[in-house]
Every structure is written in C-alpha cells, then in structure tokens.
1. Check off (1) closer than 23 Å to residue 34 by Cβ; (2) out of contact with any helix residue (DSSP H, G or I) (no Cβ under 9 Å at 6 or more places or on another chain); (3) not in a helix (DSSP H, G or I) for residue 98 and give me the number that stays unchecked.
2. State the number of residues belonging to the stretch 22-58 that are of a type outside the set (Gly, Ala, Ser), over 16 Å from the mean Cα position of the chain (by Cα) and under 21 Å from residue 87 (Cα atoms).
3. Can you go through 87, 53 and tell me which one is surrounded by 12 or more Cβ atoms within 10 Å (Cβ to Cβ), hydrophobic (A, V, I, L, M, F, W, C) and under 27 Å from residue 20 (Cβ atoms)?
4. Out of the stretch 8-35, which residues are at positive phi and at pLDDT 70 or above?
5. Tally up the residues in the stretch 56-84 that are exposed (fewer than 14 other Cβ atoms within 10 Å of the Cβ) and either touching a strand residue (DSSP E or B) at 6+ places or on another chain (Cβ under 7 Å) or not in a helix (DSSP H, G or I) (or both), please.
6. Which count do you get for residues in the stretch 11-38 that are surrounded by 12 or more Cβ atoms within 10 Å (Cβ to Cβ) and either touching a Lys or Arg at 6+ places or on another chain (Cβ under 8 Å) or in a helix (DSSP H, G or I) (or both)?
Amino acid sequence: MLLAQLFPWGSCVQGDVATLACGGVVVIRILQLVGSLALLVFFIMALFAGFQLMTSGGDAKAVEKARGTLTHAVIGLVALVVAFLILQLIDTVAFKGTGISILNFSLP
C-alpha cells in the first residue's frame, strides 16, 4: 500500500488529478517525516551512546565519548522541541484572532 493511500488528501485531488492545493498537504507530510526522522535519529544516538558506555570498560576517554554522544542527541531533541514551541508562540501571539495560522499550511 502506498503512503498516499494511507493519508487523506482532502479536496486537493479532483478526480485522479492533483491540484496546486495539494502543495500544503505535501509540505505537511514532509514536516511530519522530518519530525519522525529526528526522533528516530535521537533514539539511535541514545542507543549507540548506551552501547558505548556499557562497552567502555571504565576507560575515562570512552565514557566521555559516550557522554558526548548522548549530550549531542539530547541537545538536538531539545532544539527540535524549542523550535516547535517558538512557532506555536508566534502563531498564538502574532496571529491570534486573525484566522491566519503559520502551522496550518494551505494554498487558496
């Protein structure tokens, strides 16, 4: 089954032909994919850091390397969450009551 069949495309598909309104749906799907990949990378880096830590054998240099890997993974995850929260804040403060949303991408 194709990914396009799993998610509804709404009114941007007329018949079997995609219209320009599908651009918003494509952007949303890409952002969802990027967010999912970022979480996957965090999980893999955390597992790798844990493996490095368990196999370090008490070597201080190897422990520091594992700690650095885990630190970078957490910093990346925090940066992703903070970026999303900043967008939420801008959307709430700047566009409240206007009907405009920077988080809901759509073409007229």
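The values are calculated or read from the model by the stated rules, or taken from the named source; none is laboratory data. None of the values given here were measured: they were computed from a predicted structure. Neighbour counts run over all protein chains shown; Cβ positions are idealised from the backbone, glycine included.
1. Result: residue 98 passes all but (1).
2. Of the residues in that region, 0 qualify.
3. Just a single option satisfies the conditions, and that option is 87.
4. Within the stretch 8-35, just 15 meets the criteria.
5. 3
6. Of the residues in that region, 12 qualify.
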